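> Structure in structure tokens, see below.
The values are calculated or read from the model by the stated rules, or taken from the named source; none is laboratory data. Everything numeric here is computed off the predicted structure, so don't read it as measured data. Please note: Cβ atoms are built from the backbone with ideal geometry, for glycine as well, and neighbour counts cover all protein chains shown.
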Amino acid sequence: MTAPVSARLRFRRMATGDLDDMARLLGDPQVMAFYPRTRTREEAADWIAWNERNYARDGYGLWVLHDGDGRLVGDCGLTWQRVDGVERLELGYHLLPEHQGQGLATEAALACRELARSRGAHEVIAIIRPENLPSRRVAERVGLSFETETVDGRGMVVRVYAAGLASRPSA
């Protein structure tokens, strides 16, 4: 599957050569503020391997995001997540602090949502901690609405936002 397309961002598949960047992203306390903890370098390598498996199985995963100057912005993409025993396609995003508040997460998420729709997905969701207001705003800006509150596999309360993806009518 081709990567999403956006005006200000470049999307590409993660690879082992991205370990320094992914360790920086997933090790940043601000990026991981709504997770149980930051991730170690070894866990960042596992994150890359997980995405490589997702690409091989599904044709998509989380893509590395760079700006027009080639600077790391974060990651964004589509991954299957289990919610209350059901596999659902999640639209996920993480941005480095210096790139937050510029509409880049919304731009990236819209591009990924459109890619999911164009590939026949019927819905996308976002799994968000209730106190993560910036992420909730991004989900709402890209058309997802609050669906339910539940407990994730780590025992943390999360909100599920969802949007149906109707196919565009043929011309």
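> Residues that are of a type in the set (A, V, I, L, M) and crowded, with 17+ Cβ neighbours inside 10 Å: list the strands (runs of 3 or more DSSP E) wholly contained in the range 113-171 that include at least 2 such residues.
Filter on the range 113-171 gives 123-128, 157-164.
> Select from the range 57-84 the residues that are over 18 Å from Arg24 (Cβ atoms) and outside any strand (DSSP E or B) and list them in ascending order.
Arg57, Asp58, Gly59, Tyr60, Gly61, Gly68, Asp84
> Consider Arg88 carefully, then state whether it is part of a strand (DSSP E or B), within 22 Å of Val151 (Cβ to Cβ) and out of contact with any strand residue (DSSP E or B) (no Cβ under 7 Å at 6 or more places or on another chain).
Values: part of a strand (DSSP E or B): yes; within 22 Å of Val151 (Cβ to Cβ): yes; out of contact with any strand residue (DSSP E or B) (no Cβ under 7 Å at 6 or more places or on another chain): no.
Considered against the rule, which asks whether it is part of a strand (DSSP E or B), within 22 Å of Val151 (Cβ to Cβ) and out of contact with any strand residue (DSSP E or B) (no Cβ under 7 Å at 6 or more places or on another chain), Arg88 comes out as no.
> Still on this structure: Out of curiosity, is Asp84 at pLDDT 95 or above, under 14 Å from Pro4 (Cα atoms) and acidic (Asp, Glu)?
No: the conditions fail for Asp84.
> Determine the pairs where a residue that is exposed (fewer than 13 other Cβ atoms within 10 Å of the Cβ), located within the range 67-83, has a partner that is in a strand (DSSP E or B) with Cβ atoms under 9 Å apart, the partner being 6 or more residues away or on another chain.
Listed pairs, sorted by first residue: Gly68/Leu9; Gly68/Arg10; Gly70/Arg10; Arg82/Arg88.
> Next up: Quick one: Pro36 ticks every box in (1) over 16 Å from the mean Cα position of the chain (by Cα); (2) at pLDDT 95 or above except a single one, so which number is it?
Checking Pro36 against (1) over 16 Å from the mean Cα position of the chain (by Cα); (2) at pLDDT 95 or above, the one that fails is (2).
> Would you check if there is a residue in the range 91-105 being among the aliphatic types (A, V, I, L, M), free of Cβ contacts under 8 Å to residues at least 60 places away in the same chain, on the phi < 0 side of the Ramachandran plot and touching an Asp or Glu at 6+ places or on another chain (Cβ under 8 Å)?
no
> Can I ask one more? Can you find even one residue in the range 72-87 that is farther than 20 Å from Asn132 by Cα and either touching a helix residue (DSSP H, G or I) at 6+ places or on another chain (Cβ under 8 Å) or polar (S, T, N, Q) (or both)?
Scanning the range 72-87, I find at least one residue that is farther than 20 Å from Asn132 by Cα and either touching a helix residue (DSSP H, G or I) at 6+ places or on another chain (Cβ under 8 Å) or polar (S, T, N, Q) (or both), so the answer is yes.
> Contact list please: Cβ distance under 7 Å, first residue in the range 127-144 and under 15 Å from Val31 (Cα atoms), second residue hydroxyl-bearing (Ser, Thr, Tyr) and part of a strand (DSSP E or B), pairs at least six apart or on different chains.
Listed by first residue and then by second, the contacts come to Ile128/Tyr161; Val138/Tyr93.
> Against the definition (assigned to a helix (DSSP H, G or I), touching a residue at least 24 places away in the same chain (Cβ under 8 Å) and more than 13 Å from Trp63 (Cα to Cα)), how does Ala45 come out, yes or no?
Spelling it out, Ala45 is indeed assigned to a helix (DSSP H, G or I), touching a residue at least 24 places away in the same chain (Cβ under 8 Å) and more than 13 Å from Trp63 (Cα to Cα).
> Look at Asp21 and say whether it is surrounded by 15 or more Cβ atoms within 10 Å (Cβ to Cβ) and part of a loop (DSSP other than H, G, I, E, B).
Taking the combined requirement at face value, the residue does not satisfy it.
> Separate question: Return the residue satisfying two criteria in turn: it lies in the range 135-171 and is of a type in the set (S, T, N, Q) and either under 20 Å from Cys76 (Cα atoms) or at pLDDT below 95 (or both), and of such residues it is nearest to the chain's Cα centre (by Cα).
Ranking the qualifying residues of the range 135-171, first place goes to Ser135.
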